[in-house]
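Written out below as structure tokens is the structure these notes cover.
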Amino acid sequence: MPILSFNDVTIHLGGREILSPTRFEVEKGEFISIIGPSGCGKTTLLRAAAGFVTPSGGSVSRQGKVITGPSREVAFVFQDYGRALLPWRTVEGNISLALEAAGVPAGQRAARISKVLETVGLAAHAGKFPTQLSGGMQQRVQIARCLAQEPELLMMDEPFGALDAMTRESLQDELLRLVREQGLTVLFVTHDLEEAIYLGDRVIALRSNPTPQQPSLAAVIDVTIPHPRDQLSTKEHPDFLRLRRDLYHYLGHD
Amino acid sequence: MLATLLRWLRPFVFPAILIGAFELYTRRVAAYSDTLAPPSAAVRAFVDALFQGDILSATGFTLMSAGIGLALAFVAGAGLGIVLGLSPRAARMSFFSIEVFRPIPSVALIPLAMLVFGFGVSMEVSVVAFATFWPILILTQAAARQVEPILLEVSQALQLSYFQQVWKITLPSMLPRLFVALRQGVAIALVVAVTVEIVANPHGMGYAIMIAQQSMEPALMLAWLFWIGIVGYVVNELALLLQRCMAQRMGGRP
């Protein structure tokens, strides 16, 4: 059974059709990249998968059950890390929030926090406040909080979009390592074509202003480039270059 | 060294010139005036009053009344503001009552307060409390509604219970704005307390300045005016300092 399935999901917002009937399935352990021009509904699709948005038609189901609202099994990484963290809590405190929500007894929290901080390489910064950290580190804190939730599914909404190129690349590699280690299933929204191909096992391309002839779901493409991926050799791989060329026009380029 | 000293002295140049000019005017042109006195005489009158203990006792009375009134208003105003901010239904129900009572000028309540409480601390406290209650209520209510929307989605994603959300997210993120409300309350409380003493209550700094004026002691009157200005400045600066500390502690960017 697929871990997540979109069954002819349509979404209307403010009287406009954002997403025309869309159907696809996600298997456990898959890394799905979602690309498309701005305003094509990729974030809305992600929010529907997380239970923040209820589809106007069709349904999203997780392990066969229709999603009716957010669940602790689904973690959501927001693009705006600066506003998704509690500025009055330290790094430790921010991660603790996920454990408090899950009802983890106070005595067990410290050990789990330090374990998760170790995984994202923030062990040395446990006592700092978010404003004392760089953007890349703040985003790591948010990812750590999501990992502490121990979710099945990780939803990421352009998580590295606001970071500089160097930080973005190192976080991409770290994310791939984490996903493999923890066996996570990921839906990753981005407007960066290379990022989508580099990270994904499959790339879902959406188009804006769907019509019955041209539905939202423009293409679903398998990325067969082998793991582990590497910033240099993967991006020089013939398949990478071919996919990049094939997908280029889905981002609104003509 | 000299340059730093000069820079430090710069803001005092203009007030010094003004005081000097006033001194000159009252000594030469208005030397036999019953209504004006030179600043030097005001300083002498101030020192006399200080040694007689008038300054301390009157200042103590005014600050105490303003403080008690503000404390009552803060507890009631912030408490009710939180409830109205969290519950749109309660806010709709109370909107009309608030808009009817709020525009009443607080000093118009002095006759009523005199009838109910007579002269003394209680009547002054009640008028101060009425005057400061409304801005605190309105600002608190707004603060409860202006919680960062992404934090509320984080709370949803983590499945915090309603009380967890209020306690761990809404209240802490309101705290800096609560201190803004408190600071505004401080400024209003002092003005209203002195006004009540000038108009009706035979205690405190406002009464002292009235008595000095009515007994034709312009030097003493100016001394009180100057002192009330200093007290107002110090109290407001302290409140501002408290507000800034709180904003920084709760995540304002340094």
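Numbers at a glance
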{"item": "Modelled FRET efficiency - R0 25 Å, A:Arg177 with A:Glu27, Cβ distances, 0.05 increments", "result": "0.80"}
{"item": "Residues whose placed amide H lies under 5 Å from that of A:Phe76, excluding near-sequence neighbours", "result": "A:Met155"}
{"item": "Rg over Rh [alpha-carbon atoms, Kirkwood Rh] for chain A", "result": "0.97"}
{"item": "Cα-Cα separations in chain B greater than 29 Å, expressed as whole percent", "result": "48"}
{"item": "Cα-based equivalent ellipsoid of region A:1-128: semi-axis lengths in Å, sorted from largest, via gyration tensor", "result": "33, 17, 14"}
{"item": "Region B:196-230 and region B:102-179: distance between their alpha carbon centers, rounded to Å", "result": "32"}
{"item": "Cα centre as origin, Lys/Arg/Asp/Glu Cβ charges: chain B dipole, Debye", "result": "880"}
{"item": "Sites B:Ile98 and A:Thr54, calculated FRET efficiency, Cβ-Cβ separation with R0 30 Å, nearest 0.05", "result": "0.30"}
{"item": "Inverse mean reciprocal Cα-Cα distance (Kirkwood Rh) of the protein assembly as shown, Å", "result": "27.9"}
{"item": "Gap separating the Cα centres of region B:5-54 and region A:233-250, nearest whole Å", "result": "81"}
{"item": "Estimated D of region B:96-135 in µm² per second, where Rh is the Kirkwood radius over Cα pairs and Stokes-Einstein applies at 37 °C, 0.692 mPa s", "result": "314"}
{"item": "Furthest towards positive pole of dipole, B:Ile230, B:Phe117, B:Phe12, structure part chain B, Cβ charges", "result": "B:Phe12"}
{"item": "Solvent-accessible area buried by A and B, counting both chains, probe 1.4 angstrom, square angstrom", "result": "2000"}
{"item": "Antiparallel bridges, percent of DSSP beta bridges restricted to the protein assembly as shown (to nearest 5)", "result": "55"}
{"item": "1.4 Å probe accessible area per residue over chain A, in Å²", "result": "42"}
{"item": "1.4 Å probe, heavy atoms, protein only - residues of region A:71-94 losing at least 30 Å² accessible area vs chain alone", "result": "A:Arg72, A:Phe78, A:Arg83, A:Leu86, A:Pro87, A:Trp88"}
{"item": "Helix B:54-86 axis, angle to chain B major axis (alpha carbon atoms, nearest 10°)", "result": "20"}
{"item": "FRET efficiency, 1/(1 + (r/R0)^6) with R0 22 Å, evaluated for A:Ser170 and A:Arg244 via beta carbons", "result": "0.55"}
{"item": "Gained length - B:Asp34 relative to B:Ala247, 0.36 nm times residue gap less alpha-carbon distance", "result": "71.7 nm"}
{"item": "Members of A:Lys42/A:Lys65; A:Lys115/B:Lys168; A:Lys65/A:Lys235; A:Lys42/A:Lys235; A:Lys28/A:Lys115 lying beyond 32 Å, as alpha-carbon distances in this model show", "result": "A:Lys65/A:Lys235"}
{"item": "Accessible carbon and sulfur surface of chain B relative to its total accessible area, %, 1.4 Å", "result": "72"}
{"item": "Occluded residues from region B:150-164, i.e. those whose accessible area drops by 20 Å² or more once the chain is not alone (1.4 Å probe)", "result": "B:Ile150, B:Leu151, B:Glu153, B:Val154, B:Gln156, B:Ala157, B:Leu158, B:Gln159, B:Leu160, B:Gln164"}
{"item": "Projected label distance in nm at B:Thr4 and A:Met1, using a 7 Å step from Cα toward the beta-carbon", "result": "7.4"}
{"item": "Size descriptor, Kirkwood hydrodynamic radius, that averages inverse alpha-carbon separations across region B:52-127, Å", "result": "14.6"}
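The values are calculated or read from the model by the stated rules, or taken from the named source; none is laboratory data. Computed from a predicted model, the values in this text were never measured in an experiment. Ideal geometry is used to build each Cβ from the backbone, glycine not excepted, and the neighbour counts take in all protein chains shown. Ligands, DNA and RNA are excluded from the accessible area calculation, which covers all protein heavy atoms including side chains. Shrake-Rupley method; radii C 1.70, N 1.55, O 1.52, S 1.80 Å.
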